[in-house]
Each structure stands twice: as C-alpha cells, then as structure tokens.
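Data block below; observations after.
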Ligand code: ADP
C-alpha cells in the first residue's frame, strides 16, 4: 500500500513537472518569437528604407544636379550645363539613367530644345506628342509636378532669380503658403529617364543588394496600386517606402561646393542647410501615420539671423511609386507564426518523448517488480507442491524400512504410492524444465504430420488417473474430417494435458469437461471447456504470463506454479498458432488452441 502511494506521488510529481515545463516552454518560445518578429519587422523596414533611399538618391541626383540659372538659357552659354552633365556622369553608377534633356520656356512659343551630347549644346528638338504633353503639363500652374511619372520625365523649373539666391526648386505642396515667394519661372528643364535602366538595372541591382538572399521579395507599385516592377502574392506587405521623393538628406548629400561655386563664380559660404529640426523624420519614411514630413532650407548672411528660404511638406502617400516588400512565404507574421508552431511542436515533441520515456521506465520497473514477486511466489508454491509427494514418499519409505508392514499386498500398495508420487514429482520437474527450455529457445520441436484425434486421445489417457480419481465426465466432440497438421505430437499433447489438468483442478466441484476439435478458415481449433470457478475479467489477459496465478486461486490455496498456461502459449506459438481464453467467473472457462493447417 505504502509503495503504491510513493509511486502515485512520483507519477504525479513528474506529471506536474512536465506540465510546468510545457507552460514555461510555451511562454518562453512565444516571447522569443514576439521579440524576433519585432526585430525582423524593424530590419526589413530599415532595409526597405535604405533601398528606397538609394533609389531616390539616384533620381534626386539627376534632379538636383541640373539646377541652372536662367542666364544659361538666355545667353545660350552651355558651359555650366555641360559641367553639370559631366559631373553627374562621372559620379553616377547608372549613366544610362537619363536618356534625354529638353528645355522649353515657361511662356511664349519658342521651340523646345534638346541636349545634343556629342555637340555638348542644346539644339532644336524634333516635335513629338510626348514632348508636347510634357510642355503643356509643366507650363500649367495646376498640373505642374516635378515627376511626370507616366512619361518617365523629371521637370525642373528654371527660375529667373539673381545670382544671390541658390536655386533649389521643389514643388510646393501647399500652394499659397510658401515661406518665401519663389522667383518667377523662366523655363523648364525636362529630364527624360530611361525606363529600361530603371526597371532593368537600378531596381534589380537594389533588390539583389538588399534582398538578395531570397528571404524577401521587393516590388514597386504606382499610385493606383498597379505593379510597375515585380508583383507580390496576396495583399500582405511587410514594409513599404516611397520612391521618387525629394528628400533633404539626399539634397544635402548631393549639394557640392564646386558646383554651387560655379553658379555665381564666388564662394557662397552663407548657405546653410538646416535639416536637423525636422529632417530626421523626413529622410525616412514616417512610420507615425498622419504625421507630415517637413524640411526647410535657410539662408544666412554673416551674423544675420537665418531667413527661411524654402519649406516643404510632403503628406504621406504622396509619392508616385511605392516600394513594397514582402516575406517570400507571403508575410513575415505568417512566417514567424509558422516558425513558432514548428518550434513549439519540436519542444512539445521532446517533452512528450521525455514523458513517454519516464512512463516506460515506471511501467517496466513496475512490471519487473511484479515479475520478481511472482517468481518468489513460484519458488514458494513449487516448494509447497514438492512437499506433499515428498512427505508421502518419506513416510511410505520409513514404514517399509521399519518393517511396519510385511504383507505382500501392502508392500506393493506402498510401492504404487511411492511410484505415483514420484511420477507427480517428475512431471512437475519436467514441466519446469520444459518451460525453462522453451523460454531459452533451446527447446527443439519435431514437426510431423499428426492426427489431432490421436493427440487428444493421448492427452486424455495421460490424464486418466486424475480423471478417474475425481470421477470427471469427459465429453468428446472431434470432427471426423480433421486434416492432419504439422505438429510436435509430444509438445501438443503436453499443452492439451495442461489445459485438461487445469479444468479438473479448477472444476469447483463440477467434474465435467469437454474437449472439441474442428477446422475452418484454414485453421484447426481445439478447445477444452469446463464449468469450474471461471476467471475474473481482470485476470484473463494475464493468465498466460509466466508465474501468474489469479489471486482467488492463491487465496483458496489451490496448488500450482503458474507455468502451465505459459507453456501452452509457447507451444501454440511455436506451431504458428495462438491460445486464448473465454471465461466468466463462477460459470466456467473455455480455452482454445488455434493452429494453422500447414
Ligand atoms: P497454475 O494452474 O499452476 O496456477 P497455469 O499457468 O496453468 O498455472 O494457470 C494460470 C492461472 O490461470 C491459474 O492460476 C488460474 O488462476 C487460471 N486458470 C487456468 N486454467 C483455469 C481454469 N480452467 N479455470 C479457472 N482458472 C484457470
């Protein structure tokens, strides 16, 4: 009783430990996964922004670089433009990015000019519908936009300003609220971009640079949500960043002293680009929704206070193109969730294995303990079994030796008694040896065609003495057409004897048994049936285990060693068959040996 309590406690403790471990593991893994997801989101957003910044820098370098003074066009002095063009060509990674430059005046009907790279000068442009479109849209105050994205054209207004003002021209997002009035427009420089260079070089290069490992996919969509470069699955986007934006960060980077100097011919140290107030949110794509991004450029002369020159506010989502990035599995969150599921499955799998291993150890140790107990019981019951015949032999021998009896008939009955008890002893020893031999695999069976009827007759005649002693009525029902089967006759007869002996031993005062044999489904079935004490349901499964004896037969002190049925099982299995019991406590039992016809 005490022992089973400790086992219960142990099992309960282990179960509790496993559950605790499971909960801790679940919490730990979920936390790690959340932290990982946050990091991964941050990383992909950063990469996306860097990608966009690189792209925008290329575009903006083209845009800002070609700011020119109206004097250039008025005097047809192409030197400053040529300088800028060569400078740009020298610095850019993608010299194919610009396919053409056009200039046209803000008013009047002067013919548009086209930049001739060979001649290093602007020449009259050939008229075309596309060029007309650019001209009309740029001249219209309402339709003017720095990026005519559908035409892959950047349009720079050329302001007619004095040399004292830097020309930084950025579209005003809020008409009517400029910080400083802009000088009048003299004309426009249209920069025609090369669509093939953007889609075939810049975007693929940047995709490889930032998402080359294949973990993420990048695509570009226009304002209407139509794909411009690559397409993504579904609607999930893990990060986005605007393309074709004018950012002060890039402007500052691009601003180069030599070119600024070259505009007016003198060094302009009074240009201050103040970007640190708002530019932090400006250079990046604001993740705080609804916040507008602003930057301003100020001028300062000597010690005078700074004068704001230009302020620019870009509402979110105003960019012509958007870079959208998505995890290659469809969405980063989905990927993180599936990784979490996999990790949880592995973790719980290991815990389950651990639990199963512990359970297996507990079960096998309980079994080992039960077996050890049964072996002890076996030793004591075998000793008991031996004690009675030995006592009979001992007293019969003593009587003979003491000459208690001299009558020939009595001497012979003593002799028969000694012989009978000796036979019991030797059959008990035989059974134990047979069991041990079969267990160790040393038992050799001699398979031969055997008639089942003969085997049953042999078994019954071997048990004859017992049957007669107890006055048992034996019914036979052996099918006439039984085929001969391949069997070891002696072993099979031994198995039948064990079953018959049990039926008599556990007959509970009803001296009746029936032996039947029949065939069907390619099998021969031999049954031994009694109307004895029967077997409790909980015992039926175990009675074929070596040394197992039902508790009530032990309590009722019915002698036995628990080996008989184990031996029957071994013999049946050695013949490729099986044995099973059907029984009801208090009603009787039926044992069936099922053998294949071979
Ligand atoms: P033993 O008879 O020596 O105890 P066995 O292996 O022959 O060993 O039988 C194992 C147990 O099965 C018995 O102890 C008994 O509880 C049960 N048993 C076997 N045969 C019968 C039967 N015919 N009727 C009731 N119980 C049986």
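Distance from the alpha carbon centroid of segment 398-470 to that of segment 100-124 works out to 128 angstrom. By the count of other C-beta atoms within 10 Å, a proxy for reagent exposure, 4, 328 are ordered fewest to most as 4, 328. The share of alpha-carbon pairs in segment 444-598 lying farther apart than 25 Å comes to 25%. Label separation (residue 26 vs residue 235): 3.2 nm, computed from points 7 Å beyond Cα along the C-beta direction.
When each of the peptides 148-159, 556-567, 127-138 is scored by how many other beta carbons lie within 10 Å of its residues on average, the order from highest to lowest is 148-159, 556-567, 127-138. Normalised by the number of residues in segment 444-598, the average gap of Cα pairs under 8 Å and 6 or more apart makes the relative contact order 25 percent.
Shape call for segment 333-451 from the C-alpha gyration tensor, a ≥ b ≥ c root eigenvalues: rounded (a/c under 1.5), prolate (a/b greater than b/c) or oblate? Cα axes put segment 333-451 in the prolate bin.
Between the C-alpha center of segment 513-570 and that of segment 206-231 there is a gap of 77 Å. When each of 366, 496 is scored by the number of other beta-carbon atoms lying within 10 Å, the sequence from fewest to most is 366, 496. How much FRET efficiency would the formula 1/(1 + (r/R0)^6) give for residue 401 and residue 475, where r is the Cβ-Cβ distance and R0 is 45 Å, rounded to 0.05? Result of the calculation: an efficiency of 0.50. In the frame of its principal axes, segment 58-150 has Cα extents of 34, 30, 23 Å, reported largest first.
Between residue 87 and residue 196, the FRET efficiency from the beta-carbon distance, with R0 = 22 Å, is close to 0.40.
Counting other Cβ atoms within 10 Å as a rough exposure proxy, the listed residues 240, 6, 516, 48 run 6, 516, 240, 48 from fewest neighbours to most.
None of the figures in this text is laboratory data; all of them are computed from the coordinates on show. Here the structure is a predicted model, which means the values were calculated and not measured. Backbone-built Cβ (ideal geometry, glycine too); neighbour counts: all protein chains shown.
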